[in-house]
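What follows is one structure encoded as structure tokens, with my remarks underneath.
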Amino acid sequence: MTVPASPTVPLLPETAPFTPEQRAWLNGFLAGLCSRGPVAPAAAALAAPPAATPLQPLTILFGSQTGTAESLAKRAAREAGKRGFAASIMDMAGFTPALLAQERNVLLITSTYGEGEPPDNARALHAALAPDGGGLPPPRLEQLRYSVCALGDTNYVQFCRCGRDFDERLARLGATRVADRVDCDLDYEGRFSAWLAAALAALSGPVGATLVATPGDLLATKVTPTVEPTYSRQNPFPAPVTAVRRLNAPGSAKEVNHIELSLEGSGLAYAAGDALGVLPHNCPELVNELVAALGCDGEEAVPVPAGGTTSLRQALTACYDIVKPSPDFIARYAAPSPAAGATATATVARPVIDILLARPETRLAPADFVRLLRRLQPRLYSISSSPRAHPGHVHLTVGAVRYAAHGREHKGVCSTFLGERCPVGSIARVFVQANDGFRPPASGDTAMIMVGPGTGIAPFRAFLEERRAAGARGRHWLFFGDRHAATDFLYRDELLAFQASGVLTRLDTAFSRDQPEKIYVQQRMLEHAAELFAWLEAGAHFYVCGDASRMARDVDAALHRVIATAGSRTPAEAAEYVVALKKSRRYLRDVY
């Protein structure tokens with residue numbers, strides 16, 4: 001008897017939502033059902049379906065000063081979960097080389113701030129992995145597979161230095177780099193997404209396999225979009241400006257503005273310690289100068305970073321950074337100019353308009369010109385309000401940047417956008433940047449010491465409002481400084497009211513220009529060293545906000561001296577004390 005031929009087996013398409021193992025098993029089962037002969041072996045497997053593939057462990061370490069790297073670590077974990085990883089996010093502050101030696105798969109995301117310095121929460125691990133870090137040498141890491149994403153700003157000489165250091169130190173200790181490090185400038189979105197896809201693909205392979213991705217490979221790779229809030233960095237909320245007022249009194253040489261914006265209807269939430277991202281527009285006078293220098297009328301069609309086209313004037317206003325030259329811009333204009341005598345070195349240090357005017361013989365078509373510019377980036381400002389005290393609203397404390405250079409006046413892009421081009425009733429596009437590494441103590445009974453001169457007062461105004469609204473009973477000590485008490489005592493009435501009500505236990509000020517010899521907040525700390533140390537010994541948390549390159553360094557040095565003198569410790573013992581404060585998250589900084 002002739003056995004009829006088997007019908008065509010309806011195989012599952014490759015797009016079916018199953019793993020390769022599940023798809024193979026189901027295809028075998030379907031083949032068995034369709035056979036006219038004996039039951040196919042795959043059908044017999046009905047009673048014993050294949051075991052689920054175990055999730056691969058993955059640790060994502062972040063080093064973050066303002067919260068950006070931490071936010072990206074959370075995004076990486078979400079994407080890793082979709083690709084078969086059991087991802088854990090770890091703050092570098094709680095990580096050691098010994099713990100690193102127990103890991104198998106690691107993604108490391110870290111920023112660099114100032115002149116190549118690691119973020120505060122990454123300092124201990126960064127030092128411990130250094131060849132000359134002191135103490136016990138770090139363990140070998142032959143079992144570790146890793147990749148590094150470095151965040152930085154090409155305006156600084158030591159661009160992405162911290163990330164480069166970690167990459168080199170892990171490799172030196174025997175770890176396997178499965179995907180090349182990527183160095184991200186301020187516009188990090190594309191490069192971060194491409195790096196994450198390449199790194200996860202490499203770590204998905206068998207142990208021992210490596211995938212070294214080139215920059216071209218990275219940019220060609222795409223990551224599956226993750227679910228983000230309605231309003232975010234990629235989609236800022238159009239927030240109405242509800243108040244703008246000058247905080248300096250008449251006669252001050254400084255311009256600090258208090259800005260209030262409404263978040264009602266946005267779904268955005270923030271906590272004391274977070275930052276607000278603001279996407280500014282460029283100064284219209286500067287846009288006009290650039291249009292004229294290009295010999296255009298501003299209506300020419302040019303590409304925009306997000307795709308599509310718009311007019312040259314609109315692109316220069318809202319899409320591109322027209323102040324700081326990009327590396328591509330510098331490379332195009334860096335050759336010496338016979339007419340102007342400009343050199344490459346001079347070109348690098350000057351704003352875009354100065355370079356353009358110095359090179360009139362190098363005139364590009366509008367579309368080619370904008371392709372040399374960076375995307376206009378949001379600016380982050382420490383929030384100076386508590387959501388408990390101002391529900392549905394957010395406050396900023398912004399110092400306007402204005403300076404003269406090369407015979408012309410220059411303006412800070414976002415600081416003057418908020419101060420002079422965003423009147424009440426206008427719109428500013430904003431998003432919340434969480435900063436979990438800079439929060440008031442969890443217990444309202446814990447004391448706080450806050451050092452915030454100038455606009456560094458911003459988060460501490462938020463802290464005091466938050467603690468008052470929460471009924472916190474802990475003591476609060478604020479060190480504030482600026483130039484002149486009569487004109488630059490920011491939030492003077494509010495701070496004195498906090499002090500009168502007992503919310504602010506101590507207020508020590510340092511106005512540098514009110515006497516022949518300049519006095520700064522770090523000197524006030526030293527004057528009250530014994531009491532300050534007593535607060536620390538009683539469990540107080542120590543906070544600093546402001547300029548990283550000078551003030552924060554001087555305050556840190558003063559803190560070491562306070563501990564050494566008032567605590568009768570050697571410099572080495574004082575340094576150990578400070579390290580212990582950082583490890584226990586009792587010494588936190590919001591510096592820039």
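If the chain between Asp297 and Glu142 were fully stretched, how many nm would it gain, using 0.36 nm times the residue separation less the Cα-Cα distance?
The span from Asp297 to Glu142 would gain 49.7 nm if fully extended.
When all protein chains stay in place, what accessible area (Å², nearest 10, 1.4 Å probe) is found for Ser568?
That residue has around 100 Å² of solvent-accessible surface.
Given the range 287-327, what whole percent of its Cα pairs are spread farther than 12 Å?
Here the tail beyond 12 Å accounts for 57 percent of pairs.
Report the Cα centroid-to-centroid distance between the range 424-491 and the range 103-125 in angstrom, as an integer.
26 Å
Please arrange Met90, Met448 by accessible surface area, largest first, computed with a 1.4 Å probe and ligands excluded.
Heavy-atom accessible area, descending, gives Met90, Met448.
For a quick check: with amide H placed at 1.01 Å from N, whose amide H comes under 5 Å from Met90's, ignoring anything fewer than 5 positions away on the same chain?
Ile60, Leu61, Phe62
Give the peptides 233-240, 60-67 in descending order of average Cβ contacts within 10 Å, highest first.
The packing order, highest mean first, is 60-67, 233-240.
Go through the range 586-592 residue by residue and turn each phi into a ³J(HN,Hα) via Karplus (6.51, -1.76, 1.60, θ = phi - 60°); whole Hz please, and just put x for glycine and proline.
9, 10, 10, 10, 10, 10, 8
Could I have the simple spin-label model distance between Ala318 and Arg569, label points 7 Å from Cα toward Cβ, reported in nm to one decimal?
A separation of 5.4 nm, rounded to one decimal place.
With every protein chain in place, what's the accessible area of Leu279 (1.4 Å probe, Å², nearest 10)?
30 Å²
With every protein chain left in place and a probe of 1.4 Å, what is the accessible surface of Glu168, to the nearest 10 Å²?
Rounded to the nearest 10, the figure is 90 Å².
Under the 0.36 nm per residue contour assumption, what length would be gained going from the current alpha-carbon distance of Val579 and Arg561 to full extension?
In short, 5.1 nm is gained.
Taking 21 Å as the cut-off for C-alpha to C-alpha distance, list the pairs among Lys324/Lys411; Lys74/Lys324; Lys254/Lys411 that go past it.
In this structure, Lys74/Lys324 lie more than 21 Å apart at Cα.
Please list, in chain and number order, the residues 5+ apart from Asp321 or on another chain whose amide H is under 5 Å from its amide H, with Hs placed from the backbone.
Arg374, Arg375, Leu376
Residues of the range 548-588 with backbone nitrogen within less than 20 Å of a virtual label 7 Å along the Cα-to-Cβ line of Ala534, please, listed as ranges.
559-569
What is the distance, in nm, between label points placed 7 Å from the Cα along the Cα-to-Cβ direction at Thr230 and at Gln523?
5.3 nm
What does the charge count around Thr66 come to, taking other residues whose C-beta lies under 13 Å from its C-beta (Lys +1, Arg +1, Asp -1, Glu -1)?
-3
Over the range 59-143, give the accessible area per residue in Å² for a 1.4 Å probe, as an integer.
Heavy-atom SASA per residue in the range 59-143 reads 39 Å².
As a test of the definition: which semi-axes, in Å, follow for the range 57-136 when you take the square root of five times each eigenvalue of its alpha carbon gyration tensor? Largest first, please.
One finds semi-axes of 23, 17, 8 Å for the range 57-136.
Run the numbers on the range 491-551 and let me know its relative contact order in percent, using alpha-carbon pairs under 8 Å that are six or more apart.
That works out to 15 percent.
Residue separation times 0.36 nm, minus the C-alpha to C-alpha distance between Leu507 and Val424: what's the value?
Stretched out fully, the Leu507 to Val424 stretch lengthens by 26.6 nm.
Could you work out how far the C-alpha centroid of the range 176-202 sits from that of the range 347-400, in angstrom?
The range 176-202 and the range 347-400 have Cα centres separated by 25 Å.
Sorted by accessible area with a 1.4 angstrom probe, largest first, how do Asp183, Asp297 fall?
Of Asp183, Asp297, the descending order of accessible area is Asp297, Asp183.
Kindly sort Thr176, Thr487 by accessible area of their heavy atoms, largest first, with the probe set to 1.4 Å.
Largest accessible area first, the list is Thr176, Thr487.
Using a Förster distance of 30 angstrom, determine the FRET efficiency expected from the C-beta separation of Asn155 and Ala389, and round it to 0.05.
Efficiency at R0 = 30 Å is approximately 0.25.
Please compute the Cα-Cα pair-distance distribution of the range 422-464 with 10 Å bins starting at 0, giving whole percents from short to long.
20, 38, 29, 13, 1
For the range 384-504, max minus min Cα coordinate along each principal axis, in Å, sorted largest first?
The Cα atoms of the range 384-504 stretch 54, 33, 27 Å along the principal axes, largest first.
Once you list every other residue whose beta carbon is under 12 Å from the beta carbon of Ala552, what net charge do they have if Lys and Arg are +1 and Asp and Glu are -1?
Charge balance near Ala552 sits at -3.
Please work out the Cα center distance from the range 54-79 to the range 502-527, rounded to the nearest Å.
40 Å
Would you be so kind as to identify which of Asn288, Ala331, Val256 lies farthest towards the positive end of the dipole of the range 248-337, taking Lys and Arg as +1 and Asp and Glu as -1 on Cβ and the Cα centre as origin?
Checked the options; the winner is Ala331.
So which aspartates and glutamates pass the test for Lys583, namely a Cα distance under 13 Å, with those fewer than 8 places away in the same chain ruled out?
By straight Cα distance, Lys583 reaches Asp91, Asp120.
So what is Rg over Rh here for the range 343-435, counting just Cα atoms and using Kirkwood for Rh?
My calculation puts Rg/Rh at 1.08.
The values are calculated or read from the model by the stated rules, or taken from the named source; none is laboratory data. A quick note: this is a predicted structure, and the numbers were derived from the prediction, not measured. Cβ: placed from backbone, ideal geometry, glycine included. Neighbour counts: every protein chain shown. Just so you know, the surface numbers come from the protein's heavy atoms only, side chains and all, with ligands and any DNA or RNA stripped out. Shrake-Rupley method; radii C 1.70, N 1.55, O 1.52, S 1.80 Å.
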